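The structure appears right after this line, and notes come after that.
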Amino acid sequence: MPATSENIESKSDLALAAALKFNSSLTTWNLAGNSIESNGAQVLAEALKINLTLTTLDLGYNAIGGNGALALAGALKTNLTLTTLDVQRTKIRDNGAQALAEALKTNSTLTTLFLQNNSIGDDGAQALADALKANSTLTTLDLTANTIEFNGALALADALKANSTLTTLDLTANSIEFNGAQALAEAFKTNSTLTILNLEGNSIRENGTQALARALRTNSTLAILNLAGNLIGENGAQELAQALKTNSTLTTLDLRGCSIGNNGAQALSKALKTNSIVTSMNLQNNSISDKGAETLAEALKTNSTLTTLDLQKNSIGDSGAQALSEALKNNLTLTTLYLRANRIWYKGFLAFSEALKTNTTLTTLNLVDNLIRENATRALSEALKNNSTLTTLNLVNNRIGDDEAQALSEALKNNSTLTTLNFWNSSMGDNGAQALAQALKTNSTLTTFELQRNLIGDKGAQALAQALKTNSTLTTLDLGYNSTSDTGAQALSKALKINSTLTTLNLAGNSIGSSGAKVLAEVLKNDLTVSTLSSSKNSIWLKGPLSHAHKANSSLTTLDLQNNSIGDKGAQALSEALKTNLTLTTLDLWGNSIGSKGALALSEALKINSTLTTLYLQNNSIGSTGAQALSEALETNLGLTMLDLWGNSIGDKGAQALSEALKTNLTLATLDLQNNSIGDNGALALAEALKTNSSLTTLNLWSNLIGDKGALALSKALRTNSSLTSLNLWHNAIGENGAQALHQKYQAMRCIIEH
């Protein structure tokens, strides 16, 4: 790398440091995913010794290495404000962990330390363990996906015997194996502070689980234990079951993917009969079939504390479902039951239906992705007529069809508790929608109705529209990705003229064209309740009528028109409406082929409009000319607080124009300029603006072309800026001063990061 580049990188690093030294407002700084190496970390560390405001620093995904960690460690010895440090994936390895550990012995502010994916082995873990013996503030230590084995786990276990502050230890995806688990188990016998332990994916198997289980018999603080993905088998589950009979603190046990099988489920079931502490048990993906489900069902008949049972992705069929159903007739505490992706057919579904007739506690039942087919939901419909507790029913990806929808319709006419019904992708057509619409005319509790990705066309939409004319409770109707065209949109529009409760209507991904948009527009002129309308991914080409509607509408606050190819003419029509509209606060025009002319029209509206606070223009083509137009509006606009221009190719010229506006704008708090080909010149201009701007709190410059000159300028600006709290420079080309050899070593990685 040329010497001139070396000098520039050095200045960039010094500038970052200077920013921290003099800035008096920045509390969170995200520098993740740049090209900061050891020297960059060193100058930042020097600044941290003086800075008095920064509480969170994210240097993740930078190659700061062990020397960089050593420098940060030096700062932690004197810094008095930093509470969270994220150095995940920074190649600090054991020597970096050892340096940070030494700092933790005297640091009195850091509470959270993220060290994931750093190739930290036993030596690093041993050093951190020594620190924990003396440290009195750290509460969360995340060592996920390192290379810690038995000796490291042994050292950490020894530290836990003395430490009195750590509450969360995450060792996910290491290799502590059974002997490491045994060491930790010994610590739990005396530790009195750890409440959360995550050992997912550590190959601890049966022997390790046995030791942990025995420790749980006397431990009095651990509340959450995650052993997912450890293949503890039925013997491990049996040991845990024995512990649960006497343990008095564990409330959550996660055994996802542990191969406990039916015998393991049987053992846990016996424990649940007497345990009065556990409230949540996750047994997903454990090869539990009907036999295991039957034993769990027996436990539910007497258990009085379990509120959530997750049995997703097992092999439970009708017999198991029948047993669980019988238990629900007597159980008085279970509120949530997940049975997604099992093998429940008609008989099992019939059994659940019978249980719901008398059960008085279950509020959420998830039967997504089972084998429920035609004729299966009739029984459920009968149950729902009398059930008085179920509030959420999720039947996504089940072939309910039109006939079953008719049966459910009858139930909804009488049910008085169900508030959310999800029939996403249920093979329902117009006949089913018509039947459900009849129920909505009299139902008085349903507030959310999800019918996305079905086969509902105009006839179904027309029927639902008729129901909306009299329904007085539904607030959300999701008809996204059906087959409704302009005719259905027209019917819904007429209904909205009368309906006084619907606040959210999703019509995304249908076949609504300009005429459908026209009638919706007419309704919006007078509608007083709809606040959120999503018409993304239709074929709407906006012009006069919709513009006129927004001028008169007095209720709509959020309008989503993503991916409609409205183009410049559509943007111009919306702009006319915005000049007089007094309620719209959020407008989403993502992916609409809006160019500079559309941006110019929107900018003219923003000069007058004082209510729009959020404008999404991601993935359009406004370019630098469009950005210049918007900048002129920002100089006088007093309402917009969030502007998203992600992926608009505004370049340096666009950034320069927006920067001029930021010098005088008093309201914009968030500016998203991701992926805009902004280089150093654009960053220089933004930096100048930040020296005087007093409103911007978040600036997102992710994935641009900003190098050391830009970083230098931004850093200098932060010395005087008093409002910016979040600056995202992820995935730019910011480098650092370092030896030529070191730069050559990381050259390949740097190229990837820069592109």
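The values are calculated or read from the model by the stated rules, or taken from the named source; none is laboratory data. Owing to the predicted nature of the structure, the values given are computational and were not obtained by experimental measurement. Neighbour counts run over all protein chains shown; Cβ positions are idealised from the backbone, glycine included. Side chains included, ligands, DNA and RNA excluded: accessible areas come from the protein's heavy atoms. Shrake-Rupley method; radii C 1.70, N 1.55, O 1.52, S 1.80 Å.
Quick notes
- Accessible area of the chain divided out per residue, in Å², using a probe of 1.4 angstrom: 35
- Modelled this way, with points 7 Å down the Cα-to-C-beta line, the labels at T389 and T302 are 2.0 nm from one another.
- Additional length obtainable on full extension of the chain from R217 to K347, 0.36 nm per residue less Cα span: 42.8 nm
- Euclidean distance between Cα centres, the stretch 95-120 to the stretch 42-62, Å: 14
- Entry for volume of the Cα convex hull per residue in Å³ (calculated from the structure that is shown) out of (1) 292; (2) 202; (3) 140: (3)
- Euclidean distance of C-alpha centroids, the stretch 149-183 and the stretch 569-637, integer Å: 55
- For the cross-link pairs K133/K709; K469/K597; K413/K494, the ones whose C-alpha atoms lie over 32 Å apart are K133/K709; K469/K597.
- Solvent exposure of Y61, expressed as accessible area, is near 90 Å², computed with a probe of 1.4 Å over the protein chains only.
- Remark: the L332-K579 segment gains 83.2 nm on full extension, using 0.36 nm per residue and subtracting the alpha carbon distance.
- Length released on extending from S280 to S24, taking residue separation times 0.36 nm less the Cα-Cα span: 87.7 nm
- Label-to-label distance for T111 and D403 is 5.9 nm, based on points extended 7 Å past Cα in the beta-carbon direction.
- Accessible-area order (highest first, 1.4 angstrom probe) of the listed residues L240, L52: L52, L240
- For F178, solvent-accessible area (1.4 Å; no DNA, RNA or ligand), Å²: 90
- Distance between the stretch 468-487 and the stretch 299-347 - C-alpha centres, whole angstrom: 33
- Placing a pseudo-label 7 Å from each Cα along the Cα-to-Cβ vector at S248 and I50 gives an inter-label distance of 5.5 nm.
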